[in-house]
Structure formats: structure tokens, C-alpha cells
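Coordinate-derived values only; no laboratory data. These numbers come from a predicted model, not from an experiment. For neighbour counting, all protein chains shown are included, and Cβ atoms are generated from backbone atoms with ideal geometry for every residue, glycine included.
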Amino acid sequence: MKTVKMGYYYTKKGEKRQRYKCKACGRSFVPNPIKPRNYPDSFKEMVVRAVVKEGVGIRQASRIFKISQTTVIAWVKEFSKKRPEK
């Protein structure tokens with residue numbers, strides 16, 4: 001597999017990462033990609049409880065817990081499927 005360097009990108013932490021391109025197929029890639037975080041269920045429940053039970057807004061919850069709004073929305077949907085409202 002023949003690869004060439006194809007610039008850099010910066011992570012959210014500000015780390016500079018080298019990108020590469022495969023000459024055979026044209027795809028770009030990073031040799032060691034950063035895996036998404038795995039939050040414990042207790043933390044997820046705390047965030048969902050703040051949004052659903054305590055009335056904290058999604059935007060505010062994302063600021064308080066330092067996670068993205070998309071993550072908060074996904075967790076609320078996930079927990080609403082697990083425990084349907086009566």
C-alpha cells in the first residue's frame with residue numbers, strides 16, 4: 001500500500017495529527033484514530049436526570065457537564081427508550 005502525507009488536522013485538545021492518503025484507492029486516514037469517550041452509565045443518568053427531572057435546558061446541560069449538545073440529546077433519547085413514560 002503506497003501512501004503519501006496529506007496535511008494535518010488539529011484535535012479538540014489542540015494536538016496536531018498527520019493525515020495520509022492511499023494512492024491506490026484515494027482514501028484519507030489517520031494511522032491511530034482517537035476513539036470516542038465511553039462515559040459511565042451513572043454520569044449519563046445524572047445528565048439525563050438534570051434535563052428531564054430538574055428542568056435544565058440541553059444547551060445549559062452541555063455547558064455544565066462539558067459535553068456536546070448532540071451527546072445530551074442522544075442520551076435523553078436513549079434513556080427514554082429504555083424507560084417509557086407512564
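Compare Val30, Val48, Val72 in a GNM of the chain, Cα atoms joined below 10 Å, and give the one with the largest fluctuation.
Maximum among the listed residues: Val30.
Which pairs in the list Lys44/Lys81; Lys2/Lys35; Lys12/Lys35 are over 22 Å apart, alpha-carbon to alpha-carbon?
Correct reply: Lys2/Lys35.
Which length gain, in nm to one decimal place, applies between Asn38 and Lys66 when the Cα-Cα distance is subtracted from 0.36 nm times their residue separation?
Additional length available on full extension: 8.7 nm.
Say the dipole of region 1-80 comes from +1 at the beta carbon of Lys and Arg and -1 at that of Asp and Glu; which of Ala61, Pro33, Gly7 then lies farthest toward its positive end?
Gly7
Using just the alpha carbons, could you tell me how many Å³ per residue the convex hull of region 1-76 encloses?
Spread over its residues, the Cα hull of region 1-76 gives 118 Å³ apiece.
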